[in-house]
Ligand code: ATP
């Protein structure tokens, strides 16, 4: 900025000089100033990587072996001057390219939109108040607050740091976290030694801090290094890669069959080469599943969009395949199963209990003791509660419309509301106290402590945390007259159990008076020195939709396990309300630690409640469950949850309360932190897998049936019932319509009543191979049957071939309706009603078939003849019979399977 001495870098200046140089203060910028600076410096974003030009993207669609084979055929047919065939083959190639191009664009758009939903947020001070803003709106001079788990949003010169550590591998290559502080360093220090700067893009792994923004966007260190920008992920998953390989393998086989047939026809049967060659080309084009890779990609892209609509954002595409097969979901409690809308309901102090009333986070309501309303003037204990809960607190409350909102942790918001209710001073009570030091909350030690001073020379430490963490630190307890009294630990433990048994989250609060000169707070200031004030019981009601979703998961053969940092009794009470299976047994973090891997794997299968756990236990639990062959989804929000999220088959991070570290480690992010969204994602995951299976189950038998028609005719020395060019036409019309329709299929009705699919189950199962064989045979029977029936009736070859071709198309349409319900019956009104996409495709195909059958110009080109009404009816009747046969076969198969399988509850998800 203008009035700064540009020759000295920020890291070499004292932090006050930096603030002055940037014309800002520790209270941050005003909103108006920030807007001006935003206009001057532009948004805090790195330039988007330039996308590939549209033409290149279009041409890349043709870079595919399957397409090369088609282009090769087009060239040869052109050389043989079979122009119609050349035209149709080229049309197939072109349509494929266009569909691929358009859909790839859509898929990329979907991924971009999802990236937008995950836009990073950060906490800044604006107009002296803490708020959460889009990181893109940061400007130089802003004061940013960071804590463990945050991705640093811009280059920050630190002005405050508490136990702060950052991992800077992205810049320095050094993966061991480095300590950060506020002392200036030498101007010439290399990046890794600039301990007073947090660099944009690095990760805060411990502690808390504040810093002033010194550079944004491309001016940051990371912005100056090119090539690190993350590219848009392309839609590719192991399954798709596998299918790509399969399609290529199939093409190889088809080419070998085609060459054999060509040799056989020419050398053994002495057929006319050009006719024979055209038949072989027709066969190859029909059999090569050229559209399959594109359709599968579209299926996945549609799945990604559907999940985003249900608040589950897919970060890693392969996970879309695993989420549908999970057999265990390990979920957090607070905010995922419960609403995370906390309110203090009860207080327990020395010899008395209080009940607290009020609504939401509003800092007004009454505190009652034995039905009498109490105020701080009546009771020294209440004043102590107010101080501890209001001061040892980082949350802010602000009035919003008719209600109140929390900026920060909801539990701390509830405690702040309590302090407001007691003091009657809202929304920020106890302003006479100023904080000089903090020990931030950490799930490992489960407490938070602050050191405060007031203007009259008082200094106090306030501590709040899990009762098991606080009670051992206490020397005595506060008596009603405000004097210390001996600690009655037994009674406190009983009260904790009672509160927790009622489903309350219990916190203990304590204090210590220290000499006014003390300005630094250390963990060693606490043990054996604290005076316990009492216990706070908070309610956090379960989410009604989570109760339903847990029931859905159970019906789907998925076991739900709660893994919480909360007290065992609280966890059990909530688990009961939520409807978890086994609420008798609870394993605590300590139990988990005491067990060996084998014992844990056994115990973990049957236990649904894990309480007082820390993130390290989550990792062990995932591993233990996986060792028993289970597919595990695990949720997490903190920086330390990242390893468990990575290890899980489907790691799920919280979008609202989750840290950037957790989000980046996870495969999914829940936009609303809601358990119900996990169940929805499982359902969508199953639907995607079903649809992939449906696309394949429709495409392979169809192309095999078409190809076999030619193979059989050639080998059996029969006339071709459908000419080569007509086969090409069918391929052209149906592949782009019917084949694609299945990508958009909604979930089948019973999707969440089936047991999870074993991960190892291949796509090409014996059942599918059987289906291909059955349908191809029925296709052959129907097509040849109709052809010979027409000839027997005295129809011309041209008309017989037209009838056979239309039969083939009608069969494909019926096959589509059959495939839409692979897990249930297709003979229902809902199944017949179909979807708009299905009917649009059927209409297009019907119109195209009418055109080729009845329009004189097309009749000339494709050698067809008008089909009489009676034969038209017969064709449809054959379709109905075909449908009836395959539906009957499916029903027999399904009922056989059902009688040989356990109901889902007893399947592998539940033991
Ligand atoms: P879940 O894992 O289901 O989200 P949780 O939020 O209770 O549950 P943690 O955040 O690990 O899990 O908290 C563990 C315990 O630490 C809580 O039960 C509470 O007693 C204590 N605690 C949580 N947050 C704070 C805080 N900000 N200050 C002090 N103590 C806290």
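The values are calculated or read from the model by the stated rules, or taken from the named source; none is laboratory data. These figures come from a predicted structure and were not determined experimentally. Note: ideal-geometry Cβ built from the backbone for every residue, glycine included; neighbour counts use all protein chains shown.
Of note:
- Residues of region 15-51 satisfying the condition of being more than 14 Å from residue 125 (Cβ to Cβ), in a loop (DSSP other than H, G, I, E, B) and either under 36 Å from the mean Cα position of the chain (by Cα) or at pLDDT below 90 (or both): 42, 43, 44, 45, 46, 47, 48, 49, 50, 51
- Only one of 239, 271 that is surrounded by fewer than 23 Cβ atoms within 10 Å (Cβ to Cβ), more than 16 Å from the ligand (Cβ to nearest atom) and within 30 Å of residue 718 (Cα to Cα): 271
- Test: residue in region 52-74 that is buried (at least 19 other Cβ atoms within 10 Å of the Cβ) and more than 40 Å from the chain's Cα centre (by Cα): yes
- Region 399-409, residues that are over 25 Å from residue 381 (Cβ atoms), surrounded by fewer than 20 Cβ atoms within 10 Å (Cβ to Cβ) and within 16 Å of the ligand (Cβ to nearest atom): 407, 408
- Candidates 526, 532 - the one that is within 17 Å of residue 469 (Cα to Cα), more than 40 Å from the chain's Cα centre (by Cα) and at pLDDT 95 or above: 532
- Matching residues in region 640-667 - criterion: being touching a residue at least 60 places away in the same chain (Cβ under 8 Å), away from the ligand (no atom under 12 Å from the Cβ) and assigned to a helix (DSSP H, G or I): 660, 661, 663, 664
- Residue match in region 479-487 (condition: in contact (Cβ under 8 Å) with a residue 12 or more places away in the chain, assigned to a helix (DSSP H, G or I) and not assigned by TED's automatic domain parsing to the domain that holds residue 206): no
- Scope region 715-754; condition in a helix (DSSP H, G or I) and free of Cβ contacts under 8 Å to residues at least 24 places away in the same chain; matching residues: none
- Only residues that are within 17 Å of residue 663 (Cα to Cα), within 14 Å of the chain's Cα centre (by Cα) and outside any strand (DSSP E or B) were counted across region 307-335, and they come to 10.
- In region 558-607, counting only helices (runs of 4 or more DSSP H) that sit wholly within it, the ones holding 1 or more residues that are over 22 Å from residue 623 (Cβ atoms) span 568-578.
- Unique match (being within 17 Å of residue 462 (Cα to Cα) and outside the structural domain of residue 564 (by TED's automatic domain parsing)) among 502, 525: 525
- Taken together, the criteria place residue 130 among residues that are assigned to a strand (DSSP E or B), surrounded by 14 or more Cβ atoms within 10 Å (Cβ to Cβ) and at pLDDT below 85.
- Residue in region 362-376 that is touching a strand residue (DSSP E or B) at 6+ places or on another chain (Cβ under 8 Å), surrounded by 18 or more Cβ atoms within 10 Å (Cβ to Cβ), touching a residue at least 60 places away in the same chain (Cβ under 8 Å) and assigned to a helix (DSSP H, G or I) present: no
- Residue list for region 496-512, restricted to those being touching a residue at least 24 places away in the same chain (Cβ under 8 Å), more than 34 Å from the chain's Cα centre (by Cα) and farther than 16 Å from residue 343 by Cβ: 496, 497, 508, 509, 510, 511, 512
- Boolean, residue 448 is closer than 21 Å to residue 539 by Cα, outside the structural domain of residue 122 (by TED's automatic domain parsing), in a strand (DSSP E or B) and within 16 Å of the ligand (Cβ to nearest atom): yes
- Flag for residue 475 being in a helix (DSSP H, G or I) and over 19 Å from residue 564 (Cα atoms): no
- Meets criteria (touching a strand residue (DSSP E or B) at 6+ places or on another chain (Cβ under 8 Å), surrounded by 16 or more Cβ atoms within 10 Å (Cβ to Cβ) and at pLDDT below 95) for residue 470: no
This table checks each residue for (1) touching a residue at least 24 places away in the same chain (Cβ under 8 Å); (2) out of contact with any helix residue (DSSP H, G or I) (no Cβ under 6 Å at 6 or more places or on another chain); (3) assigned by TED's automatic domain parsing to the domain that holds residue 736; (4) at positive phi.
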{"site": "825", "(1), (2), (3), (4)": "yes, yes, yes, no"}
{"site": "830", "(1), (2), (3), (4)": "yes, yes, yes, no"}
{"site": "849", "(1), (2), (3), (4)": "yes, no, yes, no"}
{"site": "859", "(1), (2), (3), (4)": "no, yes, yes, no"}
{"site": "865", "(1), (2), (3), (4)": "yes, no, yes, no"}
{"site": "875", "(1), (2), (3), (4)": "yes, no, yes, no"}
{"site": "886", "(1), (2), (3), (4)": "yes, no, yes, no"}
{"site": "890", "(1), (2), (3), (4)": "yes, yes, yes, no"}
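- Tallying residues that are free of Cβ contacts under 8 Å to residues at least 40 places away in the same chain and either away from the ligand (no atom under 15 Å from the Cβ) or not assigned by TED's automatic domain parsing to the domain that holds residue 329 (or both) within region 562-603 yields 18.
- Residue list for region 377-403, filter: assigned to a helix (DSSP H, G or I) and either farther than 20 Å from residue 506 by Cα or touching a strand residue (DSSP E or B) at 6+ places or on another chain (Cβ under 8 Å) (or both): 377, 378, 380, 381, 382, 384, 385, 387, 388, 389, 391
- Filter result (under 12 Å from residue 391 (Cα atoms) and either in a loop (DSSP other than H, G, I, E, B) or within 16 Å of the ligand (Cβ to nearest atom) (or both)) within region 418-445: 418, 419, 428, 429, 430, 431, 432, 433, 435, 437, 438
- Members of region 488-497 that are away from the ligand (no atom under 16 Å from the Cβ) and part of a helix (DSSP H, G or I): 489, 490, 491, 494
- Residue match in region 615-629 (condition: within 12 Å of the ligand (Cβ to nearest atom), at pLDDT below 95 and closer than 19 Å to residue 504 by Cα): no
- Residues that are under 12 Å from residue 523 (Cβ atoms) and within 9 Å of the ligand (Cβ to nearest atom) within region 451-464 comprise just one, 463.
- Test: residue in region 531-541 that is part of a helix (DSSP H, G or I), buried (at least 24 other Cβ atoms within 10 Å of the Cβ) and touching a strand residue (DSSP E or B) at 6+ places or on another chain (Cβ under 9 Å): no
- Checked against (1) within 16 Å of the ligand (Cβ to nearest atom); (2) assigned to a loop (DSSP other than H, G, I, E, B); (3) in contact with a helix residue (DSSP H, G or I) (Cβ under 8 Å, 6 or more places away or on another chain), residue 521 meets all criteria but (3).
- Unmet criterion (only one of (1) in a helix (DSSP H, G or I); (2) modelled with pLDDT under 95; (3) crowded, with 18+ Cβ neighbours inside 10 Å) for residue 831: (3)
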